[in-house]
Amino acid sequence: MRSFMPGPETQRQFRDALGQFSTGVTVVTAQTAQGPIGMTANSFSSISMDPPLVMWSPAKSSSRYAYFTQAQHFAIHVMAAEQEDIALGFARSGQAFDGLAVEINAQGVPLLNDCLARFECSTHEIHDAGDHAIVLGRVLSAASREGEALIFCQGRFRAFDKEA
């Protein structure tokens, strides 16, 4: 194991070290004046049971950043192992809704069907966090189903092996 100080000249090393931590994969959706938008994110986390709060962190460098930090409502979808194509689609484009089963909730937010879990949220607070923002959402409604989770680790999508 090699130690280093995070900084501009060690950015790749820092990114690789962070990549050793496996995360779940989500797609966050919101409604804009131009229509529905989505973004793949692995920064999702639960924060509080009372009140029910979750968080995620969009990058300020993203062309979709302003849409999500200005949204009053959004939904976080936890992706299933078989939904890698959906996650890749929203990683590439905010308009990757074609061919997906989508409903619109009472707040106008597009909801993806068949994900493992879904959290419909109102924006609770947004905090500056360096080159990202921390978006806290108050969960208004949640849903879940059984299934295998899509995981991201070491720069690749993976599935959790329950037998290992």
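Values quoted throughout were computed directly from the atomic coordinates according to the rules given, and no laboratory measurement underlies them. From a predicted model like this one, the values you see are computed outputs, not experimental measurements. No Cβ is skipped: glycine too gets one built from the backbone with ideal geometry, and neighbour counts run over all protein chains shown.
Could you check the range 108-164 for strands (runs of 3 or more DSSP E) lying wholly inside it with 2 or more residues that are within 15 Å of Gln83 (Cβ to Cβ) and within 15 Å of the chain's Cα centre (by Cα)? The strands (runs of 3 or more DSSP E) meeting that bar are 110-112, 117-129, 150-153.
Within the range 46-58, is there a residue that is out of contact with any strand residue (DSSP E or B) (no Cβ under 7 Å at 6 or more places or on another chain) and farther than 21 Å from Ala129 by Cβ? Scanning the range 46-58 turns up at least one residue that is out of contact with any strand residue (DSSP E or B) (no Cβ under 7 Å at 6 or more places or on another chain) and farther than 21 Å from Ala129 by Cβ.
Condition check ((1) outside any strand (DSSP E or B); (2) of a type outside the set (D, E, K, R)) across all residues:
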residue	(1), (2)
Ser61	yes, yes
Thr69	yes, yes
His77	no, yes
Glu84	yes, no
Ala87	yes, yes
Phe97	yes, yes
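Here Val78 fulfils each of the conditions (1) farther than 19 Å from Arg145 by Cβ; (2) in contact (Cβ under 8 Å) with a residue 40 or more places away in the chain apart from (1). The residue of the range 6-32 that is nearest to Gly89 (Cα to Cα), among those that are hydrophobic (A, V, I, L, M, F, W, C) and in contact with a Phe, Trp or Tyr (Cβ under 9 Å, 6 or more places away or on another chain), is Val27. For the range 93-137, residues that are in contact (Cβ under 8 Å) with a residue 60 or more places away in the chain and either crowded, with 17+ Cβ neighbours inside 10 Å or closer than 18 Å to Gln70 by Cα (or both) total 20.
For the structure I just gave you, tell me whether Gln31 is more than 14 Å from the chain's Cα centre (by Cα) and either under 17 Å from Arg118 (Cα atoms) or in a strand (DSSP E or B) (or both). Yes; evaluated as a whole, the condition is true for this residue.
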